[in-house]
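Chemist: My questions all concern the structure below.
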Amino acid sequence: MRAGLLKHRIDLQSNSETVDALGGVVSGWSNYATSVPATVTPLRGVERDGSGQIETQTTYKITIRCLASVENVSPKHRVQYDGRTFDIKSVVDVQERHRMIELMCVEHG
């Protein structure tokens with residue numbers, strides 16, 4: 001993929017746990033890769049009727065280069081982009097060539 005097509009900048013985050021002053025465990029998200037060049041493409045939207053409520057959910061494909069800082073990206077991580085949060089559902093090594101990674105994501109509401 002040409003560099004010009006990676007026109008968005010995303011942050012990759014991992015969940016970390018720390019111990020607070022009272023000995024309790026506090027969970028939070030922290031960036032482990034920032035300003036990663038990416039392409040963010042909406043794929044489809046789904047409406048679900050659960051308990052009388054309509055919930056919309058849009059699936060996105062986020063494409064990034066395979067870099068050392070993003071080698072271990074997995075569904076345990078999430079993406080921050082333009083003030084929005086995306087949960088990673090799957091990670092695909094495009095053509096298994098270790099050059100491009102596609103993250104199949106759902107926007108976190």
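All of the numbers you see were taken from the coordinates with simple rules; none came from a lab. Just so it is clear, the structure is predicted and the values come from calculations on it, not from any experiment. Counting neighbours? That spans all protein chains shown, and the Cβs are built from the backbone with ideal geometry, glycine included.
Chemist: Summing Lys, Arg as +1 and Asp, Glu as -1, what charge do residues with Cβ under 12 Å from the Cβ of Thr85 carry, Thr85 excluded?
Modeler: Net charge around Thr85: -2.
Chemist: Please order His98, His8 by the number of other Cβ within 10 Å, starting at the fewest.
Modeler: Lowest to highest Cβ neighbour count: His98, His8.
Chemist: Let me ask something else about it. Find how many whole Å separate the alpha carbon centroid of segment 28-45 from the alpha carbon centroid of segment 68-102.
Modeler: About 7 Å separates the Cα centre of segment 68-102 from the one of segment 28-45.
Chemist: In terms of Cα to Cα distance under 20 Å, which lysines are near enough to Lys89, apart from those fewer than 8 places away along the same chain?
Modeler: Correct list for Lys89: Lys61, Lys76.
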